[in-house]
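The values are calculated or read from the model by the stated rules, or taken from the named source; none is laboratory data. Just so you know, these numbers come straight off a predicted model, no measurement behind them. Neighbour counts run over all protein chains shown; Cβ positions are idealised from the backbone, glycine included. What goes into the accessible areas is simple: the full protein's heavy atoms, side chains included, and nothing from ligands, DNA or RNA. Shrake-Rupley method; radii C 1.70, N 1.55, O 1.52, S 1.80 Å.
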Amino acid sequence: QQQVRQSSQSLTVWEGETAILNCSYENSAFDYFPWYQQFPGEGPALLIAIRSVSDKKEDGRFTIFFNKREKNLSLHIKDSQPGDSATYFCAASEGWSNYQLIWGSGTKLIIKP
Amino acid sequence: EAAVTQSPRNKVTVTGGNVTLSCRQTNSHNYMYWYRQDTGHGLRLIHYSYGAGNLQIGDVPDGYKATRTTQEDFFLLLELASPSQTSLYFCASSDWTGDTQYFGPGTRLLVL
(Lines give C-alpha, C1' and ligand atoms only; values in the text may rest on other atoms or scores of the structure.)
Protein backbone atom coordinates (compact mmCIF):
# COMPACT_ATOMS: atom_id res chain seq x y z
CA GLN A 1 0.00 0.00 0.00
CA GLN A 2 1.55 3.22 -1.17
CA GLN A 3 1.09 5.94 1.42
CA VAL A 4 2.64 8.68 -0.75
CA ARG A 5 1.67 8.62 -4.37
CA GLN A 6 3.05 10.53 -7.31
CA SER A 7 0.63 10.13 -10.14
CA SER A 8 3.02 10.71 -13.03
CA GLN A 9 6.11 8.59 -13.64
CA SER A 10 7.31 11.15 -16.14
CA LEU A 11 6.44 14.62 -17.35
CA THR A 12 7.72 16.59 -20.31
CA VAL A 13 7.32 20.34 -20.65
CA TRP A 14 8.85 23.00 -22.87
CA GLU A 15 11.45 25.41 -21.60
CA GLY A 16 9.83 28.48 -20.08
CA GLU A 17 6.58 26.70 -19.18
CA THR A 18 5.43 25.90 -15.65
CA ALA A 19 5.92 22.27 -14.71
CA ILE A 20 3.39 20.90 -12.22
CA LEU A 21 4.20 17.73 -10.29
CA ASN A 22 1.47 16.17 -8.20
CA CYS A 23 1.58 14.17 -4.99
CA SER A 24 -1.09 12.70 -2.75
CA TYR A 25 -0.98 10.91 0.58
CA GLU A 26 -3.15 8.71 2.76
CA ASN A 27 -2.03 9.24 6.33
CA SER A 28 -3.73 12.31 7.79
CA ALA A 29 -1.07 12.39 10.53
CA PHE A 30 1.62 13.39 8.02
CA ASP A 31 2.58 16.98 8.59
CA TYR A 32 5.98 17.51 6.95
CA PHE A 33 6.33 17.26 3.18
CA PRO A 34 9.74 17.71 1.55
CA TRP A 35 10.43 17.55 -2.15
CA TYR A 36 13.79 16.14 -3.17
CA GLN A 37 15.49 16.59 -6.54
CA GLN A 38 17.74 13.90 -7.95
CA PHE A 39 20.05 14.16 -10.96
CA PRO A 40 21.37 11.02 -12.65
CA GLY A 41 24.32 9.51 -10.80
CA GLU A 42 23.70 11.55 -7.67
CA GLY A 43 21.83 11.21 -4.43
CA PRO A 44 18.63 13.17 -3.84
CA ALA A 45 18.91 16.70 -2.46
CA LEU A 46 16.27 18.67 -0.60
CA LEU A 47 14.64 21.22 -2.89
CA ILE A 48 11.81 22.71 -0.83
CA ALA A 49 9.55 21.58 2.00
CA ILE A 50 6.25 22.54 3.58
CA ARG A 51 4.51 21.84 6.86
CA SER A 52 0.80 21.14 7.04
CA VAL A 53 0.04 24.39 8.85
CA SER A 54 0.79 26.22 5.58
CA ASP A 55 -0.95 26.02 2.24
CA LYS A 56 1.84 27.50 0.17
CA LYS A 57 5.62 27.64 0.26
CA GLU A 58 7.67 29.54 -2.27
CA ASP A 59 11.41 29.54 -2.95
CA GLY A 60 12.42 31.33 -6.13
CA ARG A 61 10.92 29.51 -9.10
CA PHE A 62 9.70 26.62 -6.94
CA THR A 63 6.35 26.66 -5.14
CA ILE A 64 4.51 24.01 -3.16
CA PHE A 65 0.71 24.23 -3.01
CA PHE A 66 -0.76 22.14 -0.20
CA ASN A 67 -4.36 21.03 0.30
CA LYS A 68 -4.81 19.36 3.67
CA ARG A 69 -8.48 18.57 3.17
CA GLU A 70 -7.86 16.78 -0.11
CA LYS A 71 -4.55 15.26 1.11
CA ASN A 72 -2.61 16.40 -1.89
CA LEU A 73 0.13 18.79 -2.80
CA SER A 74 1.85 19.94 -5.94
CA LEU A 75 5.24 21.32 -6.86
CA HIS A 76 5.18 24.11 -9.42
CA ILE A 77 8.37 24.96 -11.27
CA LYS A 78 7.95 28.32 -12.95
CA ASP A 79 9.90 29.27 -16.09
CA SER A 80 11.35 25.77 -16.28
CA GLN A 81 14.90 25.38 -17.56
CA PRO A 82 16.68 22.39 -19.13
CA GLY A 83 18.78 22.25 -15.94
CA ASP A 84 15.61 21.42 -14.02
CA SER A 85 15.45 18.07 -15.80
CA ALA A 86 15.69 15.58 -12.94
CA THR A 87 13.63 13.15 -10.92
CA TYR A 88 11.52 14.74 -8.20
CA PHE A 89 10.45 12.85 -5.12
CA CYS A 90 7.64 13.84 -2.82
CA ALA A 91 8.00 12.54 0.74
CA ALA A 92 6.09 12.80 4.00
CA SER A 93 6.55 12.23 7.70
CA GLU A 94 4.77 12.65 10.97
CA GLY A 95 6.06 15.55 13.02
CA TRP A 96 7.52 13.44 15.79
CA SER A 97 9.66 11.41 13.37
CA ASN A 98 10.97 13.32 10.41
CA TYR A 99 13.62 10.62 10.37
CA GLN A 100 11.17 8.14 8.90
CA LEU A 101 10.25 9.69 5.62
CA ILE A 102 7.77 7.87 3.41
CA TRP A 103 8.73 8.47 -0.22
CA GLY A 104 6.74 8.61 -3.40
CA SER A 105 8.01 6.73 -6.43
CA GLY A 106 9.24 9.86 -8.16
CA THR A 107 8.42 11.85 -11.28
CA LYS A 108 11.03 12.18 -13.99
CA LEU A 109 10.81 15.69 -15.40
CA ILE A 110 12.18 16.45 -18.84
CA ILE A 111 12.43 20.05 -19.98
CA LYS A 112 12.64 20.39 -23.75
CA PRO A 113 14.59 23.41 -25.03
CA GLU B 1 34.06 18.71 -0.31
CA ALA B 2 31.47 15.91 -0.17
CA ALA B 3 29.97 15.59 3.29
CA VAL B 4 28.55 12.08 2.81
CA THR B 5 30.71 9.54 1.02
CA GLN B 6 29.99 5.93 0.17
CA SER B 7 32.16 3.01 -0.86
CA PRO B 8 32.32 1.11 -3.01
CA ARG B 9 30.41 2.92 -5.75
CA ASN B 10 29.74 -0.32 -7.58
CA LYS B 11 29.74 -3.89 -6.35
CA VAL B 12 29.03 -7.25 -7.95
CA THR B 13 28.59 -10.35 -5.83
CA VAL B 14 27.05 -13.79 -6.12
CA THR B 15 24.02 -15.20 -4.38
CA GLY B 16 24.99 -16.15 -0.83
CA GLY B 17 27.93 -13.81 -0.76
CA ASN B 18 28.82 -11.31 1.97
CA VAL B 19 28.74 -7.61 1.21
CA THR B 20 29.57 -4.60 3.34
CA LEU B 21 28.63 -1.12 2.18
CA SER B 22 30.35 1.78 3.91
CA CYS B 23 29.23 5.31 4.60
CA ARG B 24 31.03 8.23 6.21
CA GLN B 25 29.65 11.67 6.99
CA THR B 26 31.52 14.77 8.04
CA ASN B 27 28.41 16.84 8.83
CA SER B 28 28.64 16.14 12.58
CA HIS B 29 25.10 14.79 12.31
CA ASN B 30 23.57 12.46 14.82
CA TYR B 31 21.28 10.63 12.42
CA MET B 32 22.42 8.36 9.61
CA TYR B 33 20.24 6.32 7.26
CA TRP B 34 20.47 3.50 4.76
CA TYR B 35 17.98 3.44 1.87
CA ARG B 36 17.50 1.34 -1.19
CA GLN B 37 16.16 2.85 -4.39
CA ASP B 38 14.29 0.79 -6.91
CA THR B 39 12.32 1.88 -9.95
CA GLY B 40 8.66 2.23 -9.07
CA HIS B 41 9.31 2.28 -5.33
CA GLY B 42 11.18 5.48 -4.69
CA LEU B 43 13.43 5.23 -1.64
CA ARG B 44 12.78 2.76 1.13
CA LEU B 45 14.36 3.02 4.55
CA ILE B 46 16.33 -0.05 5.61
CA HIS B 47 17.92 1.03 8.90
CA TYR B 48 18.83 4.22 10.63
CA SER B 49 20.83 5.28 13.68
CA TYR B 50 20.91 8.24 16.02
CA GLY B 51 24.42 7.72 17.29
CA ALA B 52 27.36 5.39 17.71
CA GLY B 53 26.20 1.97 18.84
CA ASN B 54 22.53 2.71 18.12
CA LEU B 55 20.44 1.00 15.44
CA GLN B 56 16.80 1.50 14.51
CA ILE B 57 14.81 -0.68 12.16
CA GLY B 58 13.38 0.91 9.07
CA ASP B 59 10.63 -0.20 6.72
CA VAL B 60 12.45 -2.93 4.77
CA PRO B 61 15.03 -4.43 7.18
CA ASP B 62 14.80 -8.11 6.22
CA GLY B 63 18.11 -9.50 5.00
CA TYR B 64 20.10 -6.49 6.17
CA LYS B 65 22.18 -5.73 9.22
CA ALA B 66 23.74 -2.40 10.02
CA THR B 67 26.28 -1.10 12.46
CA ARG B 68 27.19 2.44 13.52
CA THR B 69 30.73 2.32 14.84
CA THR B 70 31.32 6.07 15.30
CA GLN B 71 29.32 9.24 14.75
CA GLU B 72 30.87 9.39 11.28
CA ASP B 73 30.65 5.78 10.10
CA PHE B 74 27.63 3.64 9.27
CA PHE B 75 27.85 0.23 7.62
CA LEU B 76 25.27 -1.91 5.86
CA LEU B 77 25.85 -5.67 5.88
CA LEU B 78 24.32 -8.25 3.59
CA GLU B 79 25.42 -11.59 4.99
CA LEU B 80 23.70 -13.88 2.49
CA ALA B 81 23.06 -11.71 -0.52
CA SER B 82 20.13 -12.56 -2.75
CA PRO B 83 19.22 -11.31 -6.26
CA SER B 84 16.29 -9.41 -4.73
CA GLN B 85 18.86 -7.18 -3.03
CA THR B 86 20.16 -5.93 -6.36
CA SER B 87 19.52 -2.22 -6.02
CA LEU B 88 20.95 1.27 -5.67
CA TYR B 89 21.82 1.97 -2.04
CA PHE B 90 22.00 5.42 -0.53
CA CYS B 91 23.35 6.59 2.77
CA ALA B 92 22.19 9.88 4.27
CA SER B 93 22.69 11.95 7.39
CA SER B 94 20.67 14.58 9.20
CA ASP B 95 20.64 16.57 12.39
CA TRP B 96 18.24 15.75 15.22
CA THR B 97 15.27 17.41 13.48
CA GLY B 98 15.53 15.18 10.43
CA ASP B 99 14.20 18.07 8.35
CA THR B 100 16.96 17.83 5.74
CA GLN B 101 18.66 14.61 4.83
CA TYR B 102 22.00 14.85 3.05
CA PHE B 103 22.66 11.98 0.71
CA GLY B 104 25.78 10.27 -0.51
CA PRO B 105 26.35 9.44 -4.19
CA GLY B 106 25.05 5.88 -3.88
CA THR B 107 26.35 2.33 -4.30
CA ARG B 108 25.06 0.19 -7.11
CA LEU B 109 24.91 -3.45 -6.04
CA LEU B 110 24.36 -6.37 -8.39
CA VAL B 111 23.74 -9.81 -6.93
CA LEU B 112 24.11 -12.54 -9.54
Over the C-alpha atoms of the stretch B:4-111, what are the Rg and the largest Cα-to-Cα span, Dmax, in Å?
12.8, 39
What are the lysines whose alpha-carbon lies under 17 Å from the alpha-carbon of A:LYS112, with same-chain residues fewer than 8 places away excluded?
A:LYS78
Quick note, the stretch A:50-89: a/c under 1.5 would make it rounded; otherwise a/b > b/c is prolate and the rest oblate (a ≥ b ≥ c, C-alpha gyration tensor); here it is prolate
Among the listed pairs A:LYS71/A:LYS108; A:LYS68/A:LYS108; A:LYS57/B:LYS65; A:LYS56/B:LYS11, give every one whose C-alpha distance is greater than 31 Å.
A:LYS57/B:LYS65; A:LYS56/B:LYS11
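Within the stretch B:4-111, what whole-number % of the accessible surface is contributed by carbon and sulfur, with the 1.4 Å probe and all protein chains included in the calculation?
Working: 2430 of 4730 Å².
Of all accessible area on the stretch B:4-111, carbon and sulfur atoms account for 52 percent.
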Rounded to the nearest 10 Å², the 1.4 Å probe accessible area of B:ILE57 is 110
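Can you give the mean number of other chain Cβ atoms that lie within 10 Å of the Cβ atoms in peptide B:100-108? If you can, show how the numbers build up before the last one.
Working: counts 6, 10, 4, 7, 2, 3, 5, 0, 1.
Going residue by residue through B:100-108 and averaging, the value is 4.
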Arrange the residues B:THR67, B:THR15, B:THR107, B:THR39 by how much accessible surface each exposes, largest first, with a 1.4 angstrom probe.
B:THR39, B:THR15, B:THR67, B:THR107
Calculate the mean, over all residues of peptide A:31-43, of how many other protein chain Cβ atoms lie within 10 angstrom of the residue's Cβ.
3
Please work out how much accessible surface B:THR70 shows to a 1.4 Å probe, ignoring ligands, DNA and RNA, in Å² rounded to 10.
50
So for chain A, averaging the separation of alpha carbon pairs under 8 Å that are six or more residues apart and normalising by length, what relative contact order in percent results?
37
Gyration tensor on Cα atoms of chain A, a ≥ b ≥ c root eigenvalues, a/c under 1.5 rounded, else prolate if a/b beats b/c, else oblate, says prolate
Heavy atoms of A:TRP103: accessible area, 1.4 Å probe, square angstrom to 10
10
Listed residues B:TYR33, B:GLY58, B:GLY106: farthest to the positive end of the dipole of the stretch B:4-111 (Cβ charges):
B:GLY106
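How would B:ARG44, B:ARG68, B:ARG108 rank on accessible area, largest to smallest, probe 1.4 Å?
Details: B:ARG44 65, B:ARG68 10, B:ARG108 135 Å².
Output order, biggest surface exposure first: B:ARG108, B:ARG44, B:ARG68.
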So how much accessible surface do B and A hide from each other in total, probe 1.4 Å, in square angstrom to the nearest 100?
1600
Could you size up the charge dipole of the protein assembly as shown around its Cα centre, putting +1 on the beta carbon of Lys and Arg and -1 on that of Asp and Glu, and report it in debye to the nearest 20?
300
Classify the protein assembly as shown as rounded, prolate or oblate from the Cα gyration tensor: take a ≥ b ≥ c as the square roots of its eigenvalues, call it rounded if a/c is under 1.5, otherwise prolate when a/b beats b/c and oblate if not.
prolate
Please list A:ARG51, B:ARG36 in order of solvent-accessible area, largest first, computed with a 1.4 Å probe with all protein chains present.
A:ARG51, B:ARG36
What is the calculated FRET efficiency for B:ILE57 to B:ARG9, with r their C-beta to C-beta distance and R₀ = 22 Å, to the nearest 0.05?
0.25
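Using +1 on the beta carbon of Lys and Arg, -1 on that of Asp and Glu, and nothing else charged, what's the dipole of the stretch A:1-79 about the Cα centre, debye to 20?
About 300 debye.
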